[in-house]
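Undergrad: Have a look at the structure that comes next, please.
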Amino acid sequence: MIKEWNLLRFVACLSIVLLHSTTQTGLVAGFPQTEYYNLARLLLCYATPTFIVLSEIILANRYPDRLGKGFFSKRIKWIFFPFVSFAIIDALVTFNLSGNIQIKDKVLDNVLFGMFEGYFVLIILQFYILHYLVIKFNISMKVLLPISYIVMFAHLHLLNYSDLAFIQDNRHYLKLPFTAWFGYFTTGYLIGRHYKKIIEFSRKYKWHILTGVLLSLYFVAMNYKFGFTSVNSKRFDLFPFVILCSLAILTFGKFVPNSKIINTISNYSLGIYLLHWQVQRYVGPYTANFFEHTSTRVIGLFFVSLILSMLIIKSVSLFPFGGYIVGNTRRKKSIRVPEAQYASVHSTVSR
């Protein structure tokens, strides 16, 4: 596994835990009446699209021409089964905390429509099918890339601005089709397919990439200032921020030493993503009562939920069936791969 991929997954994973720490703290203790708190939460929303685009970067790099043997069966085992497991767990936790749901209905909603924090898995699974179709029919990105941008931005415009009753009543369902994320797929495909050239280019112009990150951040902040204040990952203005942040981390990650904690959290990232929300639902009230200020409440919940999630994942992974619940946590260690070999890197199952 290329070291920078683990780093990007590590950063995105921690960003998700931090984002939801702000959410749970706000739900328990109230959201601070300051625009900077919600703006910070909005910027952290880059993490879910980053997971999604990274999955396609790895996929296009490893399988540029054809899928490997047992490709779909491995992903059903290590990705879809954990999704289903936590769809059930989420239903049980929701029933335990509120008691006003039908567990069977909640499980079906979670599995079929991603009505919980694991919805991004359904998007990634669609990307797998898209990738298969692109390489099977040799679809040109010269055609698909502009189409994907037009389709995605049209879809996101409807999600965020349409007053149609149908769209307002079905926003959650309408965020699941791949068309809402189409541009992430094609961009991730191009980065992965031409990884060596793109990383060489971005390293040569690394300060331009960093400037682009700052400009894209400013773009999001200005939209927020002028009234586009929704905190979610389906905002069209997050797209350049996500892509440029990903490129920046992949570029500057070269200078970050290989680290056991980065590799471990990267390996645990799917489980952390699916589990931490449930942990926070129980722990959030305690950290909110223990600490006095919003910042310490958020930080406290962040570290407690992260540590507890990792301990639970480690314990579950020791069982023979553990991988079906928390995903594959037993990857090979991240190594520094010579740049000439970028296009032919082979590793364990990606997320």
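Undergrad: Can you tell me which residue is nearest to the chain's Cα centre (by Cα) among those in segment 12-50 that are over 23 Å from VAL283 (Cβ atoms) and not polar (S, T, N, Q)?
TA: At the first step, the residues of segment 12-50 found to be over 23 Å from VAL283 (Cβ atoms) are 33-36, 39, 42-43, 46, 49-50.
Pick out the ones that are also not polar (S, T, N, Q) and you get 35-36, 39, 42-43, 46, 49.
Working: GLU35: 24, TYR36: 23, LEU39: 19, LEU42: 14, LEU43: 13, TYR46: 8, PRO49: 5 Å.
So the residue we want is PRO49.
Undergrad: Does ILE129 meet the test of being part of a loop (DSSP other than H, G, I, E, B) and of a type in the set (A, V, I, L, M)? Outline the logic, then answer.
TA: Working: part of a loop (DSSP other than H, G, I, E, B): no; of a type in the set (A, V, I, L, M): yes.
No, not satisfied.
Undergrad: From the list VAL298, VAL316, VAL349, VAL345, which residue is farther than 21 Å from ILE88 by Cβ and modelled with pLDDT of 95 or more? Give the steps one after another, and end with the answer.
TA: Numbers: VAL316 fails: farther than 21 Å from ILE88 by Cβ; VAL349 fails: modelled with pLDDT of 95 or more; VAL345 fails: modelled with pLDDT of 95 or more.
On inspection, the qualifying residue turns out to be VAL298.
Undergrad: If you don't mind, another one. Going by what's in this entry, would THR211 be described as in a helix (DSSP H, G or I), modelled with pLDDT of 95 or more and within 21 Å of MET141 (Cβ to Cβ)? Reasoning before the result, please.
TA: Working: in a helix (DSSP H, G or I): yes; modelled with pLDDT of 95 or more: yes; within 21 Å of MET141 (Cβ to Cβ): no.
No; evaluated as a whole, the condition is false for this residue.
Undergrad: Moving on to the next point. Scan segment 134-146 residue by residue and report those that are β-branched (Val, Ile, Thr) and in contact with a Phe, Trp or Tyr (Cβ under 8 Å, 6 or more places away or on another chain).
TA: Within segment 134-146, VAL134, ILE135 qualify.
Undergrad: Do any helices (runs of 4 or more DSSP H) entirely within segment 135-199 hold 2 or more residues that are closer than 29 Å to LEU112 by Cβ and in contact (Cβ under 8 Å) with a residue 60 or more places away in the chain, and if so, which? Even if it seems obvious, please write down each step before you answer.
TA: On the way: elements: 141-161, 165-169, 171-174, 182-193.
Counting at least 2 such residues, we get 141-161, 182-193.
Undergrad: Okay, next question. Mind telling me which of the residues VAL84, VAL28, VAL93 ends up being in a helix (DSSP H, G or I), in contact with a Gly (Cβ under 6 Å, 6 or more places away or on another chain), surrounded by fewer than 20 Cβ atoms within 10 Å (Cβ to Cβ) and in contact (Cβ under 8 Å) with a residue 24 or more places away in the chain? Show your work before the answer.
TA: Values: VAL84 fails: in contact with a Gly (Cβ under 6 Å, 6 or more places away or on another chain); VAL93 fails: in contact with a Gly (Cβ under 6 Å, 6 or more places away or on another chain).
Just one listed residue meets the conditions, VAL28.
Undergrad: Within segment 140-152, identify whether any single residue is among the charged types (D, E, K, R), surrounded by fewer than 14 Cβ atoms within 10 Å (Cβ to Cβ) and touching a Lys or Arg at 6+ places or on another chain (Cβ under 9 Å), and answer yes or no.
TA: Of the residues in segment 140-152, the ones among the charged types (D, E, K, R) are 142.
Filter once more, keeping what is surrounded by fewer than 14 Cβ atoms within 10 Å (Cβ to Cβ): 142.
If we keep only those that are touching a Lys or Arg at 6+ places or on another chain (Cβ under 9 Å) too, we end up with none.
The answer is no, given that none of the residues of segment 140-152 is among the charged types (D, E, K, R), surrounded by fewer than 14 Cβ atoms within 10 Å (Cβ to Cβ) and touching a Lys or Arg at 6+ places or on another chain (Cβ under 9 Å).
Residues are listed down the side, and each one gets a yes or a no for (1) touching a strand residue (DSSP E or B) at 6+ places or on another chain (Cβ under 8 Å); (2) among the polar types (S, T, N, Q); (3) not in a helix (DSSP H, G or I):
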{"position": "ALA221", "(1), (2), (3)": "no, no, no"}
{"position": "GLY227", "(1), (2), (3)": "no, no, yes"}
{"position": "ASN232", "(1), (2), (3)": "no, yes, yes"}
{"position": "ILE243", "(1), (2), (3)": "no, no, no"}
{"position": "ALA248", "(1), (2), (3)": "no, no, no"}
{"position": "PRO257", "(1), (2), (3)": "no, no, yes"}
{"position": "ILE261", "(1), (2), (3)": "no, no, no"}
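Undergrad: Farther than 24 Å from THR179 by Cα, at pLDDT below 95 and among the aliphatic types (A, V, I, L, M), is that true of VAL256?
TA: Values: farther than 24 Å from THR179 by Cα: yes; at pLDDT below 95: yes; among the aliphatic types (A, V, I, L, M): yes.
Considered against the rule, which asks whether it is farther than 24 Å from THR179 by Cα, at pLDDT below 95 and among the aliphatic types (A, V, I, L, M), VAL256 comes out as yes.
Undergrad: From (1) buried (at least 22 other Cβ atoms within 10 Å of the Cβ); (2) at pLDDT below 95; (3) farther than 19 Å from ASN267 by Cβ, pick out the condition that doesn't hold for ILE2.
TA: (3)
Undergrad: Being touching a Phe, Trp or Tyr at 6+ places or on another chain (Cβ under 8 Å) and of a type in the set (A, V, I, L, M) narrows it down to one of LEU7, LEU59, so name that one.
TA: LEU59
Undergrad: Now, a different point. Tell me the residue from TYR218, TYR205, TYR173, TYR224 that is of a type in the set (Ser, Thr, Tyr), surrounded by fewer than 18 Cβ atoms within 10 Å (Cβ to Cβ) and under 20 Å from TYR36 (Cα atoms), please.
TA: Working: TYR205 fails: under 20 Å from TYR36 (Cα atoms); TYR173 fails: under 20 Å from TYR36 (Cα atoms); TYR224 fails: surrounded by fewer than 18 Cβ atoms within 10 Å (Cβ to Cβ).
Every option except TYR218 fails the conditions.
Undergrad: Output yes when any residue across segment 306-324 is within 17 Å of LEU27 (Cβ to Cβ) and crowded, with 23+ Cβ neighbours inside 10 Å, and no when none is.
TA: no
Undergrad: Look at VAL121 and say whether it is of a type in the set (A, V, I, L, M), farther than 22 Å from ASN170 by Cα and crowded, with 17+ Cβ neighbours inside 10 Å.
TA: no
The values are calculated or read from the model by the stated rules, or taken from the named source; none is laboratory data. Quantities reported herein were computed from a predicted structural model and do not represent experimental measurements. All Cβ positions, glycine included, derive from the backbone under ideal geometry; neighbour counts span all protein chains shown.
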